[in-house]
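A.B. asks: My questions will all concern the structure given below.
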Amino acid sequence: MEQRDGDAPMLPCLRPDLVSLATYHPQAREAGADWLDGNEFPLDWPPSLKEKLAWMYRQDMENNRYPDGSHGELKYELCNYVGEGLTTGSLTADWLALGNGSDELIRSLLMATCLGQNAGILIAEPTFSMYQILARTLGIPVWAAGRDEQFAINTTQATELMNQEPIRVVFVVHPNSPTGNGLTPAERDWLKRLPPKVLVVIDEAYFEFSQDTLLPDLLAHPNWVILRTFSKGFRLANLRIGYAIAHPEVITALEKVRLPYNLSGFSLLAAQFALTQRRQLLSGIPEILTERERLGMELTKIPALQVWPSQGNFLYIRTTAVPLPQLHQSLRELGSLVRHTGGGLRLTIGSAAENSRLLQRLRQTCGG
Ligand SMILES: *Cc1c(COP(=O)(O)O)cnc(C)c1O
(Lines give C-alpha, C1' and ligand atoms only; values in the text may rest on other atoms or scores of the structure.)
Protein backbone atom coordinates (compact mmCIF):
# COMPACT_ATOMS: atom_id res chain seq x y z
CA MET A 1 0.00 0.00 0.00
CA GLU A 2 1.11 3.51 -0.62
CA GLN A 3 1.36 5.62 2.46
CA ARG A 4 0.68 9.29 2.81
CA ASP A 5 3.16 11.35 4.75
CA GLY A 6 1.78 13.76 7.32
CA ASP A 7 1.10 17.33 6.27
CA ALA A 8 4.04 18.57 8.28
CA PRO A 9 4.85 22.25 7.76
CA MET A 10 7.49 22.56 5.09
CA LEU A 11 10.45 24.81 4.68
CA PRO A 12 9.62 27.72 2.38
CA CYS A 13 12.50 26.67 0.12
CA LEU A 14 10.66 23.44 -0.80
CA ARG A 15 8.07 23.13 -3.58
CA PRO A 16 4.62 23.69 -2.00
CA ASP A 17 2.92 21.18 -4.32
CA LEU A 18 5.00 18.36 -2.78
CA VAL A 19 3.00 18.66 0.46
CA SER A 20 0.04 16.94 -1.15
CA LEU A 21 2.15 14.16 -2.69
CA ALA A 22 2.53 10.83 -0.94
CA THR A 23 5.93 9.17 -0.65
CA TYR A 24 5.89 5.90 -2.57
CA HIS A 25 6.46 3.16 0.01
CA PRO A 26 6.07 -0.36 -1.33
CA GLN A 27 3.99 -2.39 1.11
CA ALA A 28 5.92 -4.08 3.91
CA ARG A 29 6.69 -7.75 3.26
CA GLU A 30 6.82 -10.19 6.15
CA ALA A 31 9.48 -12.87 5.89
CA GLY A 32 7.88 -16.27 5.41
CA ALA A 33 4.82 -14.92 3.60
CA ASP A 34 4.13 -15.66 -0.08
CA TRP A 35 5.06 -12.48 -1.96
CA LEU A 36 2.52 -12.37 -4.75
CA ASP A 37 2.24 -8.58 -4.88
CA GLY A 38 5.16 -7.47 -7.06
CA ASN A 39 4.80 -9.47 -10.30
CA GLU A 40 8.31 -10.78 -9.81
CA PHE A 41 9.42 -14.17 -11.05
CA PRO A 42 9.01 -16.60 -8.11
CA LEU A 43 12.47 -18.18 -8.46
CA ASP A 44 15.92 -16.69 -8.08
CA TRP A 45 18.53 -17.46 -10.75
CA PRO A 46 19.91 -21.02 -10.78
CA PRO A 47 22.94 -21.18 -8.41
CA SER A 48 25.30 -22.08 -11.27
CA LEU A 49 24.43 -18.84 -13.11
CA LYS A 50 24.73 -16.74 -9.97
CA GLU A 51 28.16 -18.24 -9.34
CA LYS A 52 29.28 -17.54 -12.88
CA LEU A 53 28.13 -13.93 -12.52
CA ALA A 54 29.95 -13.61 -9.19
CA TRP A 55 33.07 -15.05 -10.79
CA MET A 56 32.93 -12.51 -13.63
CA TYR A 57 32.43 -9.74 -11.09
CA ARG A 58 35.55 -10.84 -9.20
CA GLN A 59 37.64 -11.23 -12.35
CA ASP A 60 36.68 -8.23 -14.42
CA MET A 61 35.18 -5.51 -12.27
CA GLU A 62 37.04 -2.79 -10.44
CA ASN A 63 34.98 -1.14 -7.71
CA ASN A 64 37.05 2.04 -7.85
CA ARG A 65 36.27 2.71 -11.53
CA TYR A 66 33.17 4.32 -12.98
CA PRO A 67 30.98 1.98 -15.00
CA ASP A 68 30.59 2.19 -18.78
CA GLY A 69 28.32 5.21 -19.13
CA SER A 70 27.75 4.49 -22.81
CA HIS A 71 26.17 1.06 -22.12
CA GLY A 72 27.81 0.02 -25.40
CA GLU A 73 28.30 -3.70 -24.80
CA LEU A 74 24.87 -4.24 -23.30
CA LYS A 75 23.23 -2.36 -26.17
CA TYR A 76 25.10 -4.58 -28.61
CA GLU A 77 23.70 -7.74 -26.96
CA LEU A 78 20.25 -6.17 -26.72
CA CYS A 79 20.17 -5.46 -30.46
CA ASN A 80 20.31 -9.20 -31.09
CA TYR A 81 17.65 -10.07 -28.55
CA VAL A 82 15.21 -7.29 -29.46
CA GLY A 83 15.89 -7.73 -33.18
CA GLU A 84 14.49 -11.28 -32.98
CA GLY A 85 11.07 -9.60 -32.90
CA LEU A 86 11.61 -8.08 -36.34
CA THR A 87 10.85 -9.94 -39.53
CA THR A 88 12.62 -7.40 -41.71
CA GLY A 89 15.92 -5.62 -41.15
CA SER A 90 17.77 -5.40 -37.87
CA LEU A 91 18.04 -3.06 -34.93
CA THR A 92 20.98 -0.78 -34.20
CA ALA A 93 22.19 0.60 -30.87
CA ASP A 94 20.95 4.11 -31.66
CA TRP A 95 17.41 2.76 -31.25
CA LEU A 96 18.05 1.81 -27.60
CA ALA A 97 18.33 3.62 -24.25
CA LEU A 98 18.98 2.00 -20.88
CA GLY A 99 17.51 3.04 -17.56
CA ASN A 100 17.84 2.22 -13.88
CA GLY A 101 14.67 0.20 -14.19
CA SER A 102 12.08 1.29 -16.72
CA ASP A 103 10.91 3.64 -13.96
CA GLU A 104 13.88 5.86 -14.77
CA LEU A 105 12.98 5.82 -18.46
CA ILE A 106 9.41 6.85 -17.67
CA ARG A 107 10.79 9.85 -15.80
CA SER A 108 13.24 10.65 -18.62
CA LEU A 109 10.38 10.50 -21.13
CA LEU A 110 8.39 12.95 -19.01
CA MET A 111 11.39 15.27 -18.77
CA ALA A 112 12.00 15.07 -22.52
CA THR A 113 8.40 15.85 -23.44
CA CYS A 114 6.27 17.70 -20.88
CA LEU A 115 8.54 19.32 -18.30
CA GLY A 116 8.14 23.11 -18.31
CA GLN A 117 5.96 22.95 -21.42
CA ASN A 118 2.46 23.31 -19.93
CA ALA A 119 1.81 19.84 -21.32
CA GLY A 120 0.62 16.65 -19.69
CA ILE A 121 -0.01 12.94 -20.11
CA LEU A 122 -2.96 10.64 -20.76
CA ILE A 123 -3.43 7.30 -19.04
CA ALA A 124 -6.39 4.89 -18.89
CA GLU A 125 -7.20 3.60 -15.42
CA PRO A 126 -6.69 1.17 -13.89
CA THR A 127 -3.08 1.00 -15.05
CA PHE A 128 0.52 1.02 -13.79
CA SER A 129 0.67 3.70 -11.08
CA MET A 130 4.18 4.92 -11.80
CA TYR A 131 3.24 7.13 -14.79
CA GLN A 132 0.96 9.19 -12.62
CA ILE A 133 3.27 9.24 -9.59
CA LEU A 134 6.32 10.34 -11.57
CA ALA A 135 4.36 12.96 -13.54
CA ARG A 136 3.10 14.51 -10.31
CA THR A 137 6.61 14.74 -8.85
CA LEU A 138 7.57 16.82 -11.88
CA GLY A 139 4.45 18.99 -11.68
CA ILE A 140 3.15 17.50 -14.92
CA PRO A 141 -0.67 17.20 -15.20
CA VAL A 142 -2.33 13.81 -15.73
CA TRP A 143 -5.61 13.09 -17.52
CA ALA A 144 -7.28 9.70 -17.20
CA ALA A 145 -9.68 7.96 -19.57
CA GLY A 146 -11.81 5.00 -18.53
CA ARG A 147 -11.96 1.39 -19.75
CA ASP A 148 -14.80 -0.99 -20.65
CA GLU A 149 -15.71 -4.24 -18.83
CA GLN A 150 -12.87 -6.07 -20.58
CA PHE A 151 -10.54 -3.16 -19.71
CA ALA A 152 -10.16 -1.92 -23.29
CA ILE A 153 -9.49 1.83 -23.32
CA ASN A 154 -12.48 4.11 -23.91
CA THR A 155 -10.91 5.65 -27.01
CA THR A 156 -13.85 7.99 -27.60
CA GLN A 157 -13.30 9.56 -24.22
CA ALA A 158 -9.53 9.49 -24.71
CA THR A 159 -9.87 11.28 -28.07
CA GLU A 160 -12.08 13.94 -26.50
CA LEU A 161 -9.50 14.53 -23.79
CA MET A 162 -6.74 14.75 -26.40
CA ASN A 163 -8.76 17.36 -28.31
CA GLN A 164 -9.44 19.45 -25.22
CA GLU A 165 -6.27 19.22 -23.17
CA PRO A 166 -2.57 19.86 -23.86
CA ILE A 167 -1.70 16.15 -23.89
CA ARG A 168 1.73 15.32 -25.22
CA VAL A 169 2.23 11.70 -24.11
CA VAL A 170 -0.07 8.66 -24.00
CA PHE A 171 1.01 5.77 -21.78
CA VAL A 172 -0.38 2.28 -22.46
CA VAL A 173 0.74 -1.08 -21.09
CA HIS A 174 0.72 -4.18 -23.28
CA PRO A 175 -0.50 -6.33 -21.57
CA ASN A 176 -1.94 -3.90 -19.04
CA SER A 177 -1.08 -4.08 -15.36
CA PRO A 178 -3.03 -4.77 -13.17
CA THR A 179 -5.70 -6.15 -15.50
CA GLY A 180 -3.69 -8.45 -17.81
CA ASN A 181 -5.38 -7.59 -21.14
CA GLY A 182 -3.35 -6.98 -24.28
CA LEU A 183 -4.12 -4.14 -26.69
CA THR A 184 -7.08 -4.92 -28.98
CA PRO A 185 -6.97 -4.30 -32.75
CA ALA A 186 -9.18 -1.22 -32.19
CA GLU A 187 -6.80 0.16 -29.56
CA ARG A 188 -3.83 -0.45 -31.86
CA ASP A 189 -5.58 1.39 -34.70
CA TRP A 190 -6.28 4.28 -32.37
CA LEU A 191 -2.60 4.47 -31.36
CA LYS A 192 -1.56 4.42 -35.02
CA ARG A 193 -3.80 7.38 -35.77
CA LEU A 194 -2.35 9.60 -33.03
CA PRO A 195 -0.48 12.55 -34.56
CA PRO A 196 3.32 13.00 -34.32
CA LYS A 197 2.89 15.79 -31.76
CA VAL A 198 1.87 13.04 -29.29
CA LEU A 199 4.44 10.58 -27.98
CA VAL A 200 2.97 7.06 -27.65
CA VAL A 201 4.63 4.97 -24.93
CA ILE A 202 3.89 1.25 -25.08
CA ASP A 203 5.11 -0.44 -21.91
CA GLU A 204 5.89 -4.09 -22.69
CA ALA A 205 7.19 -5.01 -19.23
CA TYR A 206 5.53 -8.43 -19.58
CA PHE A 207 6.70 -9.18 -23.12
CA GLU A 208 8.60 -12.32 -22.07
CA PHE A 209 5.26 -13.76 -20.88
CA SER A 210 2.95 -12.46 -23.62
CA GLN A 211 5.38 -12.85 -26.57
CA ASP A 212 3.28 -10.17 -28.26
CA THR A 213 5.04 -6.97 -29.28
CA LEU A 214 4.19 -3.84 -31.26
CA LEU A 215 7.82 -3.55 -32.31
CA PRO A 216 7.16 -4.13 -36.05
CA ASP A 217 4.82 -1.09 -36.00
CA LEU A 218 7.31 1.05 -34.11
CA LEU A 219 9.62 1.34 -37.10
CA ALA A 220 6.93 3.18 -39.08
CA HIS A 221 6.01 5.44 -36.15
CA PRO A 222 8.85 7.72 -34.98
CA ASN A 223 6.58 9.06 -32.21
CA TRP A 224 6.33 5.60 -30.57
CA VAL A 225 8.43 4.22 -27.72
CA ILE A 226 8.46 0.66 -26.42
CA LEU A 227 9.58 0.10 -22.82
CA ARG A 228 10.91 -3.24 -21.61
CA THR A 229 12.53 -4.44 -18.41
CA PHE A 230 14.78 -7.15 -16.99
CA SER A 231 12.73 -7.10 -13.78
CA LYS A 232 10.08 -9.66 -14.73
CA GLY A 233 10.84 -12.48 -17.19
CA PHE A 234 14.63 -12.22 -16.73
CA ARG A 235 14.28 -12.42 -12.92
CA LEU A 236 16.48 -9.36 -12.26
CA ALA A 237 14.18 -6.98 -10.35
CA ASN A 238 16.90 -6.50 -7.73
CA LEU A 239 19.39 -5.00 -10.18
CA ARG A 240 17.15 -2.33 -11.81
CA ILE A 241 17.59 -2.55 -15.58
CA GLY A 242 15.06 -1.33 -18.12
CA TYR A 243 15.32 -0.22 -21.73
CA ALA A 244 13.52 1.87 -24.30
CA ILE A 245 13.28 1.12 -28.02
CA ALA A 246 12.52 4.16 -30.18
CA HIS A 247 13.52 6.27 -33.14
CA PRO A 248 17.08 7.64 -32.69
CA GLU A 249 15.74 11.17 -32.25
CA VAL A 250 13.73 10.09 -29.21
CA ILE A 251 16.71 8.09 -27.91
CA THR A 252 18.99 11.13 -28.23
CA ALA A 253 16.55 13.18 -26.16
CA LEU A 254 16.44 10.44 -23.48
CA GLU A 255 20.23 10.28 -23.38
CA LYS A 256 20.43 14.04 -22.84
CA VAL A 257 18.29 14.02 -19.70
CA ARG A 258 19.68 10.91 -18.00
CA LEU A 259 22.39 10.78 -15.34
CA PRO A 260 25.80 9.83 -16.79
CA TYR A 261 26.30 6.65 -14.73
CA ASN A 262 22.71 5.59 -14.21
CA LEU A 263 23.47 1.85 -14.21
CA SER A 264 26.04 0.18 -11.96
CA GLY A 265 28.71 -1.95 -13.56
CA PHE A 266 27.29 -4.98 -11.82
CA SER A 267 23.84 -4.36 -13.28
CA LEU A 268 25.32 -3.91 -16.77
CA LEU A 269 27.28 -7.14 -16.37
CA ALA A 270 24.27 -9.06 -15.08
CA ALA A 271 21.98 -7.88 -17.87
CA GLN A 272 24.55 -8.75 -20.52
CA PHE A 273 25.07 -12.17 -18.98
CA ALA A 274 21.31 -12.66 -18.70
CA LEU A 275 20.97 -12.12 -22.45
CA THR A 276 23.64 -14.68 -23.27
CA GLN A 277 21.95 -17.16 -20.90
CA ARG A 278 18.41 -16.33 -21.95
CA ARG A 279 17.47 -19.83 -23.04
CA GLN A 280 18.03 -21.14 -19.54
CA LEU A 281 16.66 -18.08 -17.71
CA LEU A 282 13.47 -17.84 -19.75
CA SER A 283 12.89 -21.60 -19.70
CA GLY A 284 10.84 -21.21 -16.51
CA ILE A 285 8.19 -19.10 -18.22
CA PRO A 286 6.02 -21.90 -19.71
CA GLU A 287 5.46 -23.24 -16.20
CA ILE A 288 4.30 -19.80 -15.03
CA LEU A 289 1.82 -19.70 -17.92
CA THR A 290 0.56 -23.20 -17.10
CA GLU A 291 0.12 -22.16 -13.47
CA ARG A 292 -1.70 -19.00 -14.56
CA GLU A 293 -4.19 -21.10 -16.53
CA ARG A 294 -4.64 -23.54 -13.65
CA LEU A 295 -5.18 -20.80 -11.06
CA GLY A 296 -7.46 -18.87 -13.43
CA MET A 297 -9.58 -21.96 -14.07
CA GLU A 298 -9.92 -22.71 -10.35
CA LEU A 299 -10.77 -19.08 -9.54
CA THR A 300 -13.67 -19.12 -12.02
CA LYS A 301 -15.18 -21.89 -9.87
CA ILE A 302 -15.49 -19.52 -6.90
CA PRO A 303 -18.91 -17.91 -7.53
CA ALA A 304 -18.15 -14.73 -5.56
CA LEU A 305 -15.12 -13.91 -7.71
CA GLN A 306 -14.80 -12.32 -11.11
CA VAL A 307 -11.55 -13.14 -12.94
CA TRP A 308 -10.24 -11.92 -16.30
CA PRO A 309 -7.98 -13.55 -18.89
CA SER A 310 -4.36 -12.40 -18.62
CA GLN A 311 -1.35 -12.30 -20.89
CA GLY A 312 1.06 -11.50 -18.05
CA ASN A 313 2.39 -13.38 -15.02
CA PHE A 314 -0.56 -12.26 -12.91
CA LEU A 315 -4.34 -12.41 -12.69
CA TYR A 316 -6.83 -9.70 -11.80
CA ILE A 317 -9.89 -10.42 -9.67
CA ARG A 318 -12.81 -8.48 -8.27
CA THR A 319 -15.54 -9.41 -5.85
CA THR A 320 -18.52 -7.81 -4.21
CA ALA A 321 -18.84 -10.55 -1.57
CA VAL A 322 -16.19 -9.13 0.73
CA PRO A 323 -14.91 -5.53 0.90
CA LEU A 324 -11.55 -5.50 -0.90
CA PRO A 325 -9.49 -3.95 1.92
CA GLN A 326 -10.81 -6.68 4.19
CA LEU A 327 -10.09 -9.45 1.68
CA HIS A 328 -6.60 -8.07 1.10
CA GLN A 329 -5.95 -7.98 4.84
CA SER A 330 -7.37 -11.48 5.43
CA LEU A 331 -5.15 -12.93 2.71
CA ARG A 332 -2.22 -11.14 4.25
CA GLU A 333 -2.95 -12.58 7.69
CA LEU A 334 -3.21 -16.04 6.16
CA GLY A 335 0.19 -15.53 4.52
CA SER A 336 -0.50 -14.47 0.91
CA LEU A 337 0.52 -10.93 0.06
CA VAL A 338 -1.27 -9.61 -3.05
CA ARG A 339 -1.77 -6.13 -4.52
CA HIS A 340 -4.96 -4.17 -3.96
CA THR A 341 -5.29 -1.71 -6.82
CA GLY A 342 -7.81 -0.24 -9.26
CA GLY A 343 -10.84 -1.71 -7.49
CA GLY A 344 -9.55 -5.28 -7.56
CA LEU A 345 -6.75 -7.56 -6.45
CA ARG A 346 -3.78 -8.34 -8.63
CA LEU A 347 -2.40 -11.81 -7.96
CA THR A 348 1.15 -12.54 -9.09
CA ILE A 349 1.62 -16.11 -10.35
CA GLY A 350 4.06 -17.70 -7.92
CA SER A 351 5.36 -21.22 -7.51
CA ALA A 352 2.82 -24.05 -7.74
CA ALA A 353 2.82 -24.32 -3.93
CA GLU A 354 2.27 -20.57 -3.48
CA ASN A 355 -0.57 -20.57 -6.01
CA SER A 356 -2.26 -23.52 -4.31
CA ARG A 357 -2.04 -21.81 -0.93
CA LEU A 358 -3.49 -18.61 -2.41
CA LEU A 359 -6.34 -20.53 -3.99
CA GLN A 360 -7.15 -22.28 -0.75
CA ARG A 361 -7.06 -18.97 1.16
CA LEU A 362 -9.34 -17.29 -1.39
CA ARG A 363 -11.82 -20.16 -1.09
CA GLN A 364 -11.65 -19.79 2.67
CA THR A 365 -12.30 -16.04 2.61
CA CYS A 366 -14.76 -15.79 -0.29
CA GLY A 367 -16.61 -19.06 0.13
CA GLY A 368 -16.69 -21.69 -2.57
C1 LIG B 1 7.03 -4.10 -13.39
C2 LIG B 1 6.72 -3.06 -14.38
C3 LIG B 1 7.72 -2.25 -14.88
C4 LIG B 1 9.14 -2.50 -14.50
O5 LIG B 1 9.72 -1.47 -13.84
P6 LIG B 1 11.27 -1.56 -13.50
O7 LIG B 1 11.53 -0.18 -13.03
O8 LIG B 1 11.99 -1.89 -14.77
O9 LIG B 1 11.46 -2.62 -12.46
C10 LIG B 1 7.40 -1.30 -15.82
N11 LIG B 1 6.14 -1.15 -16.25
C12 LIG B 1 5.15 -1.93 -15.80
C13 LIG B 1 3.78 -1.77 -16.33
C14 LIG B 1 5.41 -2.89 -14.84
O15 LIG B 1 4.42 -3.66 -14.38
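A.B. asks: When you check residue 238 against the structure, is it within 14 Å of the ligand (Cβ to nearest atom), closer than 30 Å to residue 276 by Cβ and of a type outside the set (A, V, I, L, M, F, W, C), yes or no?
C.D. replies: Values: within 14 Å of the ligand (Cβ to nearest atom): yes; closer than 30 Å to residue 276 by Cβ: yes; of a type outside the set (A, V, I, L, M, F, W, C): yes.
Spelling it out, residue 238 is indeed within 14 Å of the ligand (Cβ to nearest atom), closer than 30 Å to residue 276 by Cβ and of a type outside the set (A, V, I, L, M, F, W, C).
A.B. asks: Residue 142: within 30 Å of residue 36 (Cα to Cα) and more than 15 Å from the ligand (Cβ to nearest atom), yes or no?
C.D. replies: Yes, satisfied.
A.B. asks: Return the residue satisfying two criteria in turn: it lies in region 112-134 and is in a helix (DSSP H, G or I) and not polar (S, T, N, Q), and of such residues it is farthest from the ligand (Cβ to nearest atom).
C.D. replies: Filtering region 112-134 down to residues in a helix (DSSP H, G or I) leaves 112-113, 130-134.
Now restrict to residues that are not polar (S, T, N, Q): 112, 130-131, 133-134.
Values: 112: 17, 130: 7, 131: 9, 133: 12, 134: 11 Å.
Among residues in region 112-134 that are in a helix (DSSP H, G or I) and not polar (S, T, N, Q), the one farthest from the ligand (Cβ to nearest atom) is 112.
A.B. asks: Among the residues of region 214-233, which ones are part of a helix (DSSP H, G or I) and touching a Leu at 6+ places or on another chain (Cβ under 7 Å)? Give the steps one after another, and end with the answer.
C.D. replies: Quick first cut of region 214-233, residues part of a helix (DSSP H, G or I) only: 215-218.
Listed by number, the residues that qualify are 215, 216.
A.B. asks: Something else now. Among the residues of region 244-261, write down those that are surrounded by fewer than 22 Cβ atoms within 10 Å (Cβ to Cβ) and within 12 Å of the ligand (Cβ to nearest atom).
C.D. replies: The answer is none; no residue qualifies.
A.B. asks: Say whether the condition of being more than 12 Å from the ligand (Cβ to nearest atom), surrounded by fewer than 21 Cβ atoms within 10 Å (Cβ to Cβ), of a type in the set (D, E, K, R) and farther than 30 Å from residue 19 by Cβ is met by at least one residue in region 165-184.
C.D. replies: no
A.B. asks: Residue 89: away from the ligand (no atom under 16 Å from the Cβ), at pLDDT below 95, crowded, with 16+ Cβ neighbours inside 10 Å and over 30 Å from residue 20 (Cα atoms), yes or no?
C.D. replies: Values: away from the ligand (no atom under 16 Å from the Cβ): yes; at pLDDT below 95: yes; crowded, with 16+ Cβ neighbours inside 10 Å: no; over 30 Å from residue 20 (Cα atoms): yes.
So residue 89 fails the test.
A.B. asks: Can you tell me which residue within region 205-233, out of those that are more than 22 Å from residue 69 (Cα to Cα) and within 10 Å of the ligand (Cβ to nearest atom), is surrounded by the most Cβ atoms within 10 Å (Cβ to Cβ)?
C.D. replies: Taking region 205-233 as the starting set, the residues that turn out to be more than 22 Å from residue 69 (Cα to Cα) are 205-224, 232-233.
Among the residues that remain, those that are also within 10 Å of the ligand (Cβ to nearest atom) are: 205-206, 232.
Numbers: 205: 23, 206: 26, 232: 24.
For region 205-233, the residue satisfying everything is 206.
A.B. asks: List the number of the failed condition for residue 306; all other conditions in (1) in a helix (DSSP H, G or I); (2) open to solvent by 50 Å² or more (accessible area, probe 1.4 Å) hold.
C.D. replies: (1)
The values are calculated or read from the model by the stated rules, or taken from the named source; none is laboratory data. Here the structure is a predicted model, which is why all the values come from computation and not from measurement. Positions of Cβ are backbone-derived with ideal geometry, glycine not excepted, and every protein chain shown enters the neighbour counts. The area values use the complete protein model at the heavy-atom level, side chains included, leaving out ligands, DNA and RNA. Shrake-Rupley method; radii C 1.70, N 1.55, O 1.52, S 1.80 Å.
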